[in-house]
Amino acid sequence: MPLPADVTDEHTVERLAGRAERDVGPIDVLVNNAGSCGAIGPVSATNPHRWWHDVETNLLGTFLCVHAFLPRMLAAGSGTIINVASYAAVRPAPYQTAYGCAKAAVVHLTESLAAETMDSGVSVFAITPGTVRTDMTEYIIREAAERKLPTPLVSENWLSMNRVADLAVFLASGKADRLTGRFIHVLDDVADLLRRVDVIERDDLYVLRLRK
C-alpha cells in the first residue's frame, strides 16, 4: 500500500505511521531507505542548502521515521529497524561530503539506538546495499563524469536489489538479533557473522570505532 510522504517533515511522518498502523496493522519492520546525494562537488563550491538537504533526507528522515514507529514497537515488545547506510560512512567521501557525513551519523544512530532498546525485543541494524542501480547512483556517476570528479561507484559493478531485500528479510526474521547495532554489508556472509558473534561482540567489530 503506497503512502507517499516527505520523510523530513515530522508531522507528515507521524500521520504516515498512524495511517499505516490503522490500515495495515501493527508495524513489525521499518526499513529506512530514503536517501539523496545531490550535493556533488568540492566543499568550497557546494551550495550549503543543497548540502544540508542531503543531511536532512538521510539522517533526519531516518530519525523521524524511527521516532514515529519505535514507540509502537516498544509497546508491542518486538520489532526490527533496518537503516540503509553506505560505506561512505566509514571511508573518505570526497565530493560527496554531505552524504558521507549523514550516513556515518546513521551508523552511529543505529548502534546507539540498539543500546537503548537492548532487551526490549526491538533489534536495530545498519546495512549497506553496495552499488545498486538507482536514480541516485546513476546521478552520482553521471555528475562525477561530467565534472571530472573521482567516485568509487562503477556502473559495471551493479549488485542485485534482490540481495538487499534478502538481507533485510533475514535480519527481520529475528535469526540475527545478536548482531543488533552492527553495520552489515550486503556481501557479508551473515551466517559466518553469527558463528563469530562472540568475537564480534568482544572486539567491538562491525561498528564505528577509533582504533589506536
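The values are calculated or read from the model by the stated rules, or taken from the named source; none is laboratory data. All of these numbers come straight from a predicted model, not from anything done at the bench. A quick note on method: Cβ atoms are made from the backbone with ideal geometry, for glycine too, and the neighbour counts reach across all protein chains shown. Heads up: the accessible areas ignore ligands, DNA and RNA and are worked out on the full protein's heavy atoms, side chains in. Shrake-Rupley method; radii C 1.70, N 1.55, O 1.52, S 1.80 Å.
Here S120 clears all of (1) open to solvent by less than 50 Å² (accessible area, probe 1.4 Å); (2) touching a Phe, Trp or Tyr at 6+ places or on another chain (Cβ under 7 Å); (3) in contact (Cβ under 8 Å) with a residue 24 or more places away in the chain; (4) more than 28 Å from W51 (Cβ to Cβ) except the condition numbered (2). May I ask you to list the residues in region 144-185 that are in a helix (DSSP H, G or I), at pLDDT below 85 and either in contact with a helix residue (DSSP H, G or I) (Cβ under 9 Å, 6 or more places away or on another chain) or open to solvent by less than 50 Å² (accessible area, probe 1.4 Å) (or both)? Matches in region 144-185: A144, S155. Residues being at pLDDT below 95 and surrounded by fewer than 17 Cβ atoms within 10 Å (Cβ to Cβ) are entirely absent from region 9-16. Scanning region 99-122 for residues that are out of contact with any Gly (no Cβ under 8 Å at 6 or more places or on another chain) and part of a loop (DSSP other than H, G, I, E, B) yields a count of 3. The residue list A104, A89, A115 contains one member that is open to solvent by 20 Å² or more (accessible area, probe 1.4 Å), of a type in the set (G, A, S) and closer than 29 Å to R147 by Cα, which is A104. Screening region 39-75 for residues that are open to solvent by 70 Å² or more (accessible area, probe 1.4 Å) and of a type in the set (S, T, N, Q) and picking the one that is nearest to E116 (Cα to Cα) gives N47.
Counting only residues that are touching a residue at least 24 places away in the same chain (Cβ under 8 Å) and of a type in the set (F, W, Y), give me the helices (runs of 4 or more DSSP H) lying completely in region 1-98 with at least 1 of them. Ranges flagged: 48-55, 61-76.
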